[in-house]
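Engineer: What follows is a structure written as structure tokens; I'll ask about it next.
The values are calculated or read from the model by the stated rules, or taken from the named source; none is laboratory data. The shown structure was predicted, so the numbers you read here are calculated from the model rather than taken from an experiment. Cβ placement follows ideal geometry from the backbone for every residue including glycine, while neighbour counts extend to all protein chains displayed. Remember, those area values only see protein heavy atoms, side chains included, never the ligands or the DNA or RNA. Shrake-Rupley method; radii C 1.70, N 1.55, O 1.52, S 1.80 Å.
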Amino acid sequence: MDSSVALFNHLKAADPFFLLAGPNVIESEEHILKLAKHTKAIVSKFGLPLVFKSSFDKANRTSSKSFRGPGLEEGLKILEKVKVAYDLPIVTDVHESSQTDLLVAAARTGKIINIKKGQFCASSVMVNSAEKIRLAGNQNVMVCERGTMFGYNDLIVDPRNLVWMREANCPVVADITHSLQQPAGKKLEGGGVASGGLRELIPCIARTAVAVGVDGLFMEVHDDPLNAPVDGPTQWPLRHLEELLEELIAIARVTKGKKPFEIDLRPFRD
């Protein structure tokens, strides 16, 4: 069986959920290997399927002064070292100007494609996005909720989207850290702005997503969030990852969120 298909089936069968986790961006080879080592050690305690995440180039920053990472060539080499050293599947982001063509190009790699819902999109568009991947010959697709932008440097997380996105007929992932960004909401000393965030609400969004019954969680973790060069305000402290996962698994074990509630609309009678 193709390795991507095998991994996709493994993630779909996760009980109670799978995890996509790691730092926002590759800061150095040493740092990313350290994060991979500790993240795997923590997640392995719970038996959750883990896909390690990090970006090689934050090309979508609004400020030219923002840290971007090592770039495509060097970044992929580093991620390959993580994959080999810790036997971990890797997820990273791709971004181009022609987004709809990008979906088809990504699909043709045969890899698992995790499509994040656009910040200005309704959840219903994800049905078409997932189908675009399948029509390009790739059945390994997931859809991801990351909040909705209504302007004013804030994102709103609507739990209904986590249910409606199931209409895409594929695993649903909740991005519990990016969804708490406050884009361009943090003023910098000396001028300019950067993304702010509401780290303290990450457990709130995570609890909600697990209770609703998502298939997977996407989260950024860091060993020193206050000094992270990118998106520090929405990266979860590595030291608290185990504690949070323990609580989320407990919630997932008792919720019936993955099954639709059977509503009986017949008149109630004595």
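Engineer: With no solvent and one equal point scatterer placed on each C-alpha of the range 100-139, evaluate the Debye formula and give log10 I(q)/I(0) for q = 0.22, 0.24, 0.29, 0.31 Å⁻¹, two decimals.
Structural biologist: Results for the range 100-139 at q = 0.22, 0.24, 0.29, 0.31 Å⁻¹ read -0.64, -0.75, -1.00, -1.09.
Engineer: I would also like to ask the following. If you count, for each residue, the other Cβ atoms within 10 Å and average over each peptide, how do 72-79, 114-121 line up from highest to lowest?
Structural biologist: For the peptides 72-79, 114-121, the packing ranking is 114-121, 72-79.
Engineer: Over the range 125-169, what portion of Cα pair distances is larger than 11 Å, expressed as a whole percent?
Structural biologist: The calculated P(r) of the range 125-169 puts 68 percent of pairs beyond 11 Å.
Engineer: Work the Kirkwood hydrodynamic radius out for the range 219-259: mean of 1/r over every pair of different alpha-carbon atoms, inverted, in Å.
Structural biologist: Here the Kirkwood hydrodynamic radius works out to 11.6 Å.
Engineer: Hey, another quick one. Pull up the cross-link candidates among the lysines for LYS132, meaning alpha carbon to alpha carbon under 27 Å and not fewer than 8 places away within one chain.
Structural biologist: LYS12, LYS53, LYS58, LYS111, LYS116, LYS117, LYS258, LYS259
Engineer: Another one. Where the Cα atoms of the chain are projected onto their three principal axes, how long is each span, largest first, in whole Å?
Structural biologist: 70, 46, 41
Engineer: At 1.4 Å probe size, with no ligands or nucleic acids counted, give the accessible surface of ARG68 in Å², nearest ten.
Structural biologist: 110
Engineer: Can you tell me the order of 173-181, 161-169 when each peptide is scored by its average per-residue count of other Cβ atoms within 10 angstrom, highest first?
Structural biologist: Order by mean packing, descending: 173-181, 161-169.
Engineer: Another question, if that's okay. I'm a student and want to see the number: the projected area of the Cα convex hull of the range 89-175, averaged over all directions, in nm².
Structural biologist: Averaged projected hull area, Cα only: 5.8 nm².
Engineer: So what is the relative contact order for the range 125-270, in percent, with contacts set as C-alpha pairs under 8 Å and at least six apart?
Structural biologist: 19
Engineer: Kirkwood hydrodynamic radius, the range 158-242, all distinct C-alpha pairs: what's the number in Å?
Structural biologist: Computed over the range 158-242, the radius equals 13.9 Å.
Engineer: Next up: At 1.4 Å probe size, with the rest of the protein present, what percent of the exposed accessible area of the range 122-270 is carbon and sulfur atoms?
Structural biologist: Roughly 55 percent, rounded to a whole number.
Engineer: Taking just the alpha carbons, could you work out the radius of gyration and Dmax for the range 126-270, both in angstroms?
Structural biologist: So, for the range 126-270, Rg and Dmax equal 18.2, 71 Å respectively.
Engineer: What number, rounded to the nearest 500 deg cm²/dmol, is the helix-based mean residue ellipticity at 222 nm of the chain, given -39500 (n - 2.57) per DSSP H run of at least four residues and division by all its residues?
Structural biologist: So the calculated ellipticity at 222 nm is -10500 deg cm²/dmol.
Engineer: Taking Cα pairs under 8 Å and at least six residues apart, what relative contact order does the chain come out at, in percent?
Structural biologist: 18
Engineer: What is the antiparallel percent of DSSP beta bridges lying wholly in the range 114-270, to the nearest 5?
Structural biologist: The antiparallel fraction comes to roughly 35 percent.
Engineer: Still on this model: Give me the number: length gained by fully extending PHE120 to GLU74, i.e. 0.36 nm times residue separation minus the C-alpha to C-alpha distance, one decimal in nm.
Structural biologist: 13.3 nm
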